[in-house]
1. Determine the dipole magnitude for the chain: charges of +1 sit on the beta-carbon of Lys and Arg, -1 on that of Asp and Glu, nothing else is charged, the reference point is the Cα centre, and the result goes in debye to the nearest 20.
2. Tell me, what HN-Hα J-couplings in whole Hz come from the Karplus equation 6.51 cos²θ - 1.76 cosθ + 1.60 at θ = phi - 60° for each residue of the stretch 111-121, using x for Gly and Pro?
3. Over the stretch 48-137, what is the relative contact order in percent, taking alpha-carbon pairs closer than 8 angstrom and at least six residues apart?
4. For the stretch 70-146, go through all pairs of different Cα atoms, get the mean of 1/r, take its inverse, and jot down that Kirkwood value in Å.
5. So which of K47/K135; K93/K143; K93/K156; K97/K156; K39/K97 end up more than 19 Å apart by C-alpha?
6. Please calculate how many Å² of accessible area the stretch 23-161 carries per residue, with a 1.4 Å probe and no DNA, RNA or ligand atoms counted.
7. If you scale each eigenvalue of the Cα gyration tensor by 5 and take the root, what three semi-axes come out for the stretch 1-101, rounded to whole angstrom and sorted largest first?
8. Lys and Arg at +1, Asp and Glu at -1: add these up for the other residues within a Cβ distance under 10 Å of N123 and post the number.
Amino acid sequence: GSAVSTVHAAEIERTFIAIKPDGVQRGLISEIISRFERKGYKLVAIKILTPTKEFAMLHYDDLKERPFFNGLCDFLSSGPVVAMVWEGQGVVKYGRKLIGATSPHNSEPGTIRGDLAISVGRNIIHGSDGPETAKNEINLWFKPEELVDYGLDSEKWLYEP
Ligand code: UDP
Ligand code: MG
C-alpha cells in the first residue's frame, strides 16, 4: 500500500490475544477490544469458539509442569473464548502492558486486569509473551487465510513517515 506502511512494514508485528471465558461471561468483550482499538492497533483476525481441553493444553503447553495447569486448561475450555490477532508497532510487548501483570493483585490501575479482574485464575485475558510465542500461538489458533491484510486510513495519523 502506501509509503507510510512500506516504511514501517519491518517494525509491524502481530500478537495473539484471547478473551477467556470469564471475560466473555462478564460482558467485557467490547471493553477489551476497545482498549486495543483505541490505542491504534489493527484487528486482523477474530473468532469466538469453545476450545477443547486438549486444545487448551496445547495452548498452555509451556506451563504443563505447573500445579495450576489442569485447572487452567479446564477453565479455558469451559466456555466461549474470543480469539484475536492484533497488529501494530510494538504490539507484542505493549499489548502485555495494556493487559497488566498476571495476578490482578499486582496489575496497575489503568490496565485491563488491574481495572477489571481480581483473581489470578480469573484474569479475563491472554496475550502472547514474546514475538516467538506470538507466532506459535497465531499458528495454533488461526489458519493463514483467517488473517486479513488491509490498510487503515488512520495509519497515516498513527505512524510518522
Ligand atoms: N495462573 C494461575 N495461577 C498462577 C499463575 C498463573 O492460575 O499462579 C493462570 C493465569 O490465569 C495466567 C495463566 O495461568 O493468566 C497463564 O500463566 P502465565 O504465567 O503465562 O501468565 P500470563 O502470561 O497470562 O500473564
Ligand atoms: Mg503467558
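The values are calculated or read from the model by the stated rules, or taken from the named source; none is laboratory data. All values derive from a computational prediction rather than experimental measurement. Note that each Cβ is placed from the backbone with ideal geometry, even for glycine, and that neighbours are counted across all protein chains shown. Note: accessible area is taken over every heavy atom of the protein model, side chains too, but ligands, DNA and RNA are not part of it. Shrake-Rupley method; radii C 1.70, N 1.55, O 1.52, S 1.80 Å.
1. Numbers: 19 positive and 22 negative charges, 82 e Å.
The calculated dipole for the chain is roughly 400 debye.
2. Residue by residue, the stretch 111-121 yields 8, 4, 5, x, 7, 10, 9, 10, 9, 4, x Hz.
3. Numbers: 101 pairs, mean separation 20.4, N = 90.
Worked out over the stretch 48-137, it gives 23 percent.
4. So the Kirkwood estimate lands at 13.6 Å.
5. Numbers: K47/K135 17 Å; K93/K143 23 Å; K93/K156 22 Å; K97/K156 24 Å; K39/K97 12 Å.
Violating the 19 Å Cα-Cα cut-off are K93/K143; K93/K156; K97/K156.
6. Details: 7980 Å² over 139 residues.
Normalised by residue count, the accessible surface of the stretch 23-161 is 57 Å².
7. Working: eigenvalues 160, 49, 29 Å².
Semi-axis lengths for the stretch 1-101 are 28, 16, 12 Å.
8. Working: positive: K20, R113, R122; negative: D22.
So the surrounding residues net to +2.
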